[in-house]
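The values are calculated or read from the model by the stated rules, or taken from the named source; none is laboratory data. Remember, it's a predicted structure, so these values are computed and weren't measured experimentally. A quick note on method: Cβ atoms are made from the backbone with ideal geometry, for glycine too, and the neighbour counts reach across all protein chains shown.
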Amino acid sequence: MTRIKDFPDLIPVFPLPGALLLPRARLPLHIFEPRYIAMLEDCMKTPHRLIGMVQPRSAPDGADRWHSIGCAGRLTAFSETEDGRYMITLTGVSRFRVRQEVAGFTPYRRAEVEWADFNRDCGEAEHDGGFEREAFFSLLEKFFAHHALSTDWSSLKEADDEMLINSLSMLCPFDPDEKQALLEAPSLPTRRETLVTLMQFALHGGDDETLQ
C-alpha cells in the first residue's frame, strides 16, 4: 500500500515523547501498557496495519495535546514475550496532518488525519545533492564525542543520504520539539540543514558557526 488514496482516514495514535518516525525508516518499540497492547491487537486486524506516531505538546490550559503533524508506520515486525509484552517494529509510510481526535470506546487514542500534503513520502528515497559529507562527519564526530555516543563509523559512512540523515534524526538525543522540527522538514536537504543546526547548537550554545 503506497498510494495516498489507499490510506485510512482514521488511525490509532501513539503519543510518545522523543520517539521520531520518518518515511522509509524503522522504529523499534516496546509495548507493555494495556491500552497500547489493545491498540496493537486491533491494528493487526486491519488490512493497513498503520499506527500514527505523534509528539505530545503542552498547552496553556494544561490539556494533553499533540503536534498537528505525525508519521504513520506500518507494523512490519512483531514478537511477544513470555510475560505478555510486545516487541514491534514500525516502518515509516507517510507523514500526516491531524484533523481532529476521535472519541470512542477504545482505551487508546485515535485521530482523523489527512495525507494530501505528503505525497512525496510515498515515492522513492530522497537524495541530497548539496550534501558535503566530509564536513558533516567532522561535526557529527564532535557531537557524538560531546554526548559520549558510539557508533559503527564505517557503516554510517557507507549509508545513503536518506538513511544516514533520517537515522541520525531519529536516534540523536534531541528534545521533542527539536524532533518535531526534523519531522516537519519539507525535504531531505532541509532536514539535513536542521540536523546540522541542532548539532551546532548543542556543541556551541548557539554561536554563529555554520555548516551547510
Task: Matching residues, the range 48-97, being touching a residue at least 60 places away in the same chain (Cβ under 8 Å) and among the β-branched types (Val, Ile, Thr) - done: Ile69, Ile88, Thr89, Thr91, Val93
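Return yes or no: is Phe105 at pLDDT below 95 and either in contact with a helix residue (DSSP H, G or I) (Cβ under 9 Å, 6 or more places away or on another chain) or exposed (fewer than 13 other Cβ atoms within 10 Å of the Cβ) (or both)? First the steps, then the outcome.
Details: at pLDDT below 95: yes; either in contact with a helix residue (DSSP H, G or I) (Cβ under 9 Å, 6 or more places away or on another chain) or exposed (fewer than 13 other Cβ atoms within 10 Å of the Cβ) (or both): yes.
Yes, satisfied.
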Task: Enumeration of residues in the range 44-64 that are modelled with pLDDT of 95 or more, of a type outside the set (Val, Ile, Thr) and under 22 Å from Gly18 (Cβ atoms) - done: Leu50, Gly52, Met53
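Residue-by-condition table, conditions (1) crowded, with 16+ Cβ neighbours inside 10 Å; (2) modelled with pLDDT under 95; (3) within 26 Å of Pro56 (Cα to Cα):
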{"residue": "Trp115", "(1), (2), (3)": "yes, no, yes"}
{"residue": "Ala135", "(1), (2), (3)": "no, no, no"}
{"residue": "Ser138", "(1), (2), (3)": "no, no, no"}
{"residue": "Trp153", "(1), (2), (3)": "no, yes, no"}
{"residue": "Met170", "(1), (2), (3)": "yes, no, yes"}
{"residue": "Leu195", "(1), (2), (3)": "yes, no, yes"}
{"residue": "His204", "(1), (2), (3)": "no, yes, no"}
